[in-house]
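S.K.: Below is the structure I would like to discuss, written out as structure tokens.
The values are calculated or read from the model by the stated rules, or taken from the named source; none is laboratory data. Everything numeric in this text was worked out from a predicted model, so none of it was measured. Every residue, glycine as well, gets a Cβ built from its backbone with ideal geometry; the counts of neighbours run over all protein chains shown. We work out accessible area using only protein heavy atoms, side chains counted, and drop any ligands, DNA or RNA first. Shrake-Rupley method; radii C 1.70, N 1.55, O 1.52, S 1.80 Å.
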Amino acid sequence: MADARASLRTCLALALALLLAGSALAQVPTGTAPAPAAADTRLQQRRTCDALPAQIYLGWQATPFVVEQARQASGATWAWPLEPGVGIKGVVVEGRLLLGLDAAGMILSAHCA
């Protein structure tokens with residue numbers, strides 16, 4: 001009789017352990033986000049621009065590499081180097097970094113527009 005109770009306890013303990021392990025595995029995240037949340041995140045990232053981190057490139061030659069580094073630093077989607085006398089009138093595009101250049105191609109200003 002004692003052996004039967006010991007076997008029953010062992011079986012119940014094993015069943016409980018398997019049940020708990022199964023429920024724990026069911027709660028493990030799969031690493032995929034729902035499509036709407038992912039789309040919202042991409043849209044938010046595309047519209048974000050902070051020119052302050054790009055200010056470290058003031059005085060640098062506006063090579064394609066430096067323009068890209070400034071764009072990445074600002075979080076902008078696009079970076080447009082603007083030569084002297086060239087401007088963008090009334091067009092505001094979120095996520096765009098504008099780099100004002102001098103005649104020698106040095107970066108004088110960085111702002112988002």
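The rows are residues; the columns are (1) in contact (Cβ under 8 Å) with a residue 12 or more places away in the chain; (2) under 18 Å from the mean Cα position of the chain (by Cα).
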{"position": "Glu68", "(1), (2)": "no, yes"}
{"position": "Ser74", "(1), (2)": "yes, yes"}
{"position": "Thr77", "(1), (2)": "yes, yes"}
{"position": "Pro84", "(1), (2)": "yes, no"}
{"position": "Val92", "(1), (2)": "yes, no"}
{"position": "Arg96", "(1), (2)": "yes, yes"}
{"position": "Leu108", "(1), (2)": "yes, no"}
{"position": "His111", "(1), (2)": "yes, no"}
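S.K.: Give the residues of segment 76-113 that are open to solvent by 80 Å² or more (accessible area, probe 1.4 Å), of a type in the set (A, V, I, L, M) and not in a strand (DSSP E or B), sorted by residue number.
M.R.: Val86, Val92, Ala103
S.K.: Scan segment 57-72 residue by residue and report those that are open to solvent by less than 40 Å² (accessible area, probe 1.4 Å), hydrophobic (A, V, I, L, M, F, W, C) and assigned to a helix (DSSP H, G or I).
M.R.: Once the filter is applied, which keeps residues that are open to solvent by less than 40 Å² (accessible area, probe 1.4 Å), hydrophobic (A, V, I, L, M, F, W, C) and assigned to a helix (DSSP H, G or I), segment 57-72 yields Val66, Val67, Ala70.
S.K.: Conditions: (1) open to solvent by less than 60 Å² (accessible area, probe 1.4 Å); (2) at pLDDT 90 or above. Leu52 meets all but one. Number of the miss?
M.R.: Leu52 satisfies all of (1) open to solvent by less than 60 Å² (accessible area, probe 1.4 Å); (2) at pLDDT 90 or above except (1).
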